[in-house]
Amino acid sequence: MAVISKSEDENVKWNARWITKKDPKTFESNGDWMVKKFVQSYALYFRKTFIIKNKEISNAKIHISGIGYYELTINGKRVGDKVLDPAQTDYSKIALYSTYDVTDFLQTQNAIGVVVGNGRHIKAYGYDFPKMIAQIEIEYKDGKKEVLASDGTWKVSHGPLTENGIYFGERYDARIEMEKWDRFDFDDSNWEEVIETKGPALSPEIMPPIRVVDTLKPIKMHSPKDGVYVYDFGQNFTGWVKLHVEGPRGTEIKLRYAEVLNPNGTLNFSTIRNAEATDTYILKGGEAEVYEPKFTYHGFRYAQIEGFPGVPTLKHLEGRVVHTDVEKVGDFYCSNELINNIHRNTLWAQLSNLMSIPTDCPQRDERLGWMGDAQLSAEEAIYNFDMLEFYKKWLKDIQLSQREDGALPDVAPTYNAKFYPADPAWGTAYITIAWYLYWYYGEAEILKAHYESMKKYVDFLKNNSENGISKLGKYGDWCPPGSVFPKRTPVELTSTFYYYNDVLLLSKMADVLKEEDDKSYYSKLAEEIKEAFNKRFLTPNGYDVIKMSPIDQGTGQTSNILPLFYDMVPQESKKETIQKLVNLITNDQDYHLDTGIVGTKYVFDVLTENGYADIAYKIVTQESYPSFGYMIKEGATTLWERWEKLMGGGMNSHNHVMFGSVDAWFYKYLAGLSPINAGWKKFKVKPYIVGDLNHVSSSITTVRGKISVSWEKASNAFKLNLSVPNECKAEVYLPILWGKYLVSKNGEEIFKDGKQEADRLVFD
């Protein structure tokens, strides 16, 4: 069954009304934005019947939204395969709706059934109780049309889904199921009439939906104590479990979730903090039963059963992998298995945190759209997945979160004033990701749509700077080894770098949009910020931060990485600054990083572009702490929030993507693929032959077609194969290893000298 596309559905005239239940029960909350009791509230069950008399249907479609989440059936049949729908938004401003072709669902006598749960649409976040809106539009073969819309004539009830929330989990009592409640002949005389209510503006949901994308079988099970059984799925992921069970009526089964285990084999709940992460199912009895949640999700590798009637087997639980169903467009593989495993862990971490917004983590009492995490991993995400519509939607979330003074929050959508104003390393997501959408997809229209809002944000940055130095920092180079807060990188250095980044990118956007006055103004402002940055932080010993503050003692790798990335360093100081960085990495840290999430994003590019690709490779392939290899050696199947393996309470998620920026380096420098012009019209193929790496294979399906490259280094030959889409032009750099080259195009062998550039031959 097809989902109607935007082009077919952009002119909906809404006759429907938002509806909810009269006098719903009060939500339990302590009033804090992180709710201790986490929304222990029922779902609402809505239904409406209607009759189609003596007419043949040409086509029928339904537009629907239910917030927080909904599930739709018509005549007892599930409509669509979306879950946790609609995509999350700031419900005080907008909600998204889906449109489905339901022609084949309709008959003479019809019933619509909609279950609506909470999601984030709850009182604790300043919203309301579950509500829904729906409109069916029918066209008949005789040309007549009919519209059936949600209004005060619908009915509503409670049901077996008695509690639900994204942190709490679900409680489902199968004993009180209402058989055929979503069928025409169901007796709803005891159901209440709904009330019409206010609701947010509506916009079509264009981004890929959240779906169940895979099912994992557990690899083993153990029982750490009587009546408790722990399943290991061998992979940290996002979703839930599907339970298969048969037993006495009233049997209560608890399903609990965790990322890690205690030494005694029991679940370790420390990394989920206050999230209860528990699904409870009460059996109706007398037959085989199957249960999986509707309106919650969990981040976990391990699932625990308590209360199972008898002894379960591996067949009684399945893992359901759930995330926004973005299309995979990139592939990377190389001869170094550790790098392949880092790549694999990055993909799992990235997908685990695509839940209609780019979340920080999927397991604990947070799961917010932290903008710092998102902007740092965005380039990696774009190399691996089609992120265009996903990020378009999220940029709209950011735009809607902007205040009149131009301030942005640290998270989007945002639910609390405490997140204003953003640390510049977080707020930059707005401008940086918009630029990525232009650079990688050729989307100039996205720049146009957000240009005035981005100008407003940059003006806010300027108004909150002093002599060119940003005063808005809060987090900075977050999570360096051994710390949460930056140790050797001043927060104001990081903030000023991103102030420069945003002004520089805005000047480039002005150029694309032919806003010549703005281009001149922002280019000049960028130069002024760069000058102020160097005046404040540059010393004869590189970007040395000794005596900056009690917490910023010593010289940080990140302090030198950032200005090198944008060539902010004065020419006369560049050589010393590069050498300073190299010494900090090789001598002071024995080829390990001392960077947080910001420095890690840029360090590999900086080293490679400045002639130290081998050092970058050696850092990536370390297996001792702190390193990506250390995570894997300690059992990680996704990326961690911290460089350390922490198992106690606090900030220690085992499924975070903010360090996943390294994966873009694999594509850009090991495979050697990067665009020269926006939208890959012209691109560069410049692989770096480093360390023990003997072969790399990669492909990216771009907006202009599929680009594939592979190279192999043998004892006396270097072979490179490249596939270029018809509309593209490639600039190819071949390393000078032996000095003799055979080049073929479309199977025809040709000799071509090319031009020599340092240790490479360049073919255009």
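The values are calculated or read from the model by the stated rules, or taken from the named source; none is laboratory data. Bear in mind that the values here come from a model prediction, so they are computed numbers and not experimental data. Cβ atoms come from the backbone with ideal geometry, glycine included; neighbour counts cover every protein chain shown. Accessible surface areas use protein heavy atoms only, side chains included; no ligands, DNA or RNA. Shrake-Rupley method; radii C 1.70, N 1.55, O 1.52, S 1.80 Å.
A few comments on the model shown:
- Just one of the listed residues (Asp477, Asp544) is surrounded by 15 or more Cβ atoms within 10 Å (Cβ to Cβ), modelled with pLDDT under 95 and either among the β-branched types (Val, Ile, Thr) or not in a helix (DSSP H, G or I) (or both), namely Asp544.
- Within segment 198-219, considering residues that are part of a strand (DSSP E or B) and in contact with a Gly (Cβ under 8 Å, 6 or more places away or on another chain), the one least open to solvent (accessible area, probe 1.4 Å): Leu216
- Condition met for Asp360 (among the acidic types (Asp, Glu), open to solvent by less than 20 Å² (accessible area, probe 1.4 Å) and touching a residue at least 40 places away in the same chain (Cβ under 8 Å)): yes
- Residue that is modelled with the highest pLDDT, among those in segment 237-262 that are open to solvent by 10 Å² or more (accessible area, probe 1.4 Å) and among the polar types (S, T, N, Q): Thr251
- Qualifying residue in segment 438-457 (condition: open to solvent by 20 Å² or more (accessible area, probe 1.4 Å) and under 28 Å from Thr489 (Cβ atoms)): yes
- Qualifying residue in segment 289-298 (condition: assigned to a strand (DSSP E or B) and touching a helix residue (DSSP H, G or I) at 6+ places or on another chain (Cβ under 6 Å)): no
- Scanning segment 319-375 for residues that are closer than 16 Å to Glu259 by Cα, in a strand (DSSP E or B) and more than 16 Å from the chain's Cα centre (by Cα) yields Gly319, Arg320.
Condition check ((1) of a type in the set (Asp, Glu); (2) open to solvent by less than 10 Å² (accessible area, probe 1.4 Å)) across all residues:
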{"site": "Ser674", "(1), (2)": "no, no"}
{"site": "Gly679", "(1), (2)": "no, yes"}
{"site": "Phe683", "(1), (2)": "no, yes"}
{"site": "Tyr688", "(1), (2)": "no, no"}
{"site": "Asp692", "(1), (2)": "yes, no"}
{"site": "Arg704", "(1), (2)": "no, no"}
{"site": "Val709", "(1), (2)": "no, yes"}
{"site": "Glu712", "(1), (2)": "yes, no"}
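- Test: Leu506 is over 14 Å from Gly599 (Cα atoms), open to solvent by 10 Å² or more (accessible area, probe 1.4 Å) and touching a Phe, Trp or Tyr at 6+ places or on another chain (Cβ under 7 Å): no
- Criterion (touching a helix residue (DSSP H, G or I) at 6+ places or on another chain (Cβ under 8 Å), surrounded by fewer than 21 Cβ atoms within 10 Å (Cβ to Cβ) and at negative phi) met by exactly one of Ala613, Ala664: Ala613
- Segment 282-303 - residue that is touching a Lys or Arg at 6+ places or on another chain (Cβ under 8 Å) and surrounded by fewer than 24 Cβ atoms within 10 Å (Cβ to Cβ) and, of those, nearest to Thr215 (Cα to Cα): Glu292
- Qualifying residue in segment 459-467 (condition: open to solvent by less than 40 Å² (accessible area, probe 1.4 Å), touching a residue at least 12 places away in the same chain (Cβ under 8 Å) and among the acidic types (Asp, Glu)): no
- As a summary of the residue check, Ile219 satisfies the conditions (1) closer than 29 Å to Glu366 by Cβ; (2) in contact (Cβ under 8 Å) with a residue 40 or more places away in the chain; (3) among the β-branched types (Val, Ile, Thr) except for the one numbered (2).
- Pairs, first within 26 Å of Trp439 (Cα to Cα) in segment 704-720, second part of a loop (DSSP other than H, G, I, E, B) and open to solvent by 40 Å² or more (accessible area, probe 1.4 Å), C-beta under 6 Å, six or more apart: Arg704/Glu727
- Segment 65-97, subset crowded, with 23+ Cβ neighbours inside 10 Å and of a type in the set (S, T, N, Q), residue nearest to Gly143 (Cα to Cα): Ser65
- Looking across Tyr172, Tyr127, Tyr167, one residue alone is part of a strand (DSSP E or B) and of a type in the set (Phe, Trp, Tyr). It is Tyr172.
- Pairs, first among the charged types (D, E, K, R) in segment 110-124, second in a strand (DSSP E or B) and at pLDDT 95 or above, C-beta under 8 Å, six or more apart: none
- Count of residues meeting criterion [closer than 23 Å to Ser377 by Cβ and buried (at least 18 other Cβ atoms within 10 Å of the Cβ)] in segment 566-580: 0
- Among the residues of segment 609-640, those identified as assigned to a loop (DSSP other than H, G, I, E, B) and of a type in the set (Val, Ile, Thr) are Thr621, Thr637, Thr638.
- Qualifying residue in segment 25-38 (condition: in contact with an Asp or Glu (Cβ under 7 Å, 6 or more places away or on another chain), at pLDDT 50 or above and surrounded by 20 or more Cβ atoms within 10 Å (Cβ to Cβ)): no
- The one condition from (1) open to solvent by less than 20 Å² (accessible area, probe 1.4 Å); (2) modelled with pLDDT of 95 or more; (3) at positive phi that Ile62 does not meet is (3).
- Out of Gly265, Gly310, Gly319, sole residue that is modelled with pLDDT of 95 or more, farther than 30 Å from Lys713 by Cβ and crowded, with 22+ Cβ neighbours inside 10 Å: Gly319
- Within segment 480-526, restricting attention to residues that are of a type in the set (Gly, Ala, Ser) and outside any loop (DSSP other than H, G, I, E, B), the residue that is nearest to Leu584 (Cα to Cα) is Ser495.
- Residue within segment 597-606 that is open to solvent by 10 Å² or more (accessible area, probe 1.4 Å), over 27 Å from Ala378 (Cβ atoms) and of a type in the set (D, E, K, R) present: no
- Condition met for Ser744 (open to solvent by 30 Å² or more (accessible area, probe 1.4 Å), modelled with pLDDT under 90 and part of a strand (DSSP E or B)): yes
- Screening Trp191 against (1) closer than 22 Å to Pro130 by Cα; (2) open to solvent by less than 30 Å² (accessible area, probe 1.4 Å); (3) under 35 Å from the mean Cα position of the chain (by Cα) leaves a single unmet condition, (3).
- Selection status of Gly117, surrounded by 17 or more Cβ atoms within 10 Å (Cβ to Cβ), at pLDDT 95 or above and out of contact with any Ser or Thr (no Cβ under 7 Å at 6 or more places or on another chain): yes
- Scanning segment 362-384 for residues that are of a type in the set (Lys, Arg) and either touching a Leu at 6+ places or on another chain (Cβ under 7 Å) or under 21 Å from Gln402 (Cα atoms) (or both) yields one hit, Arg367.
- Count of segment 46-59 residues, restricted to those that are aromatic (Phe, Trp, Tyr) and either open to solvent by less than 10 Å² (accessible area, probe 1.4 Å) or on the phi > 0 side of the Ramachandran plot (or both), is 1.
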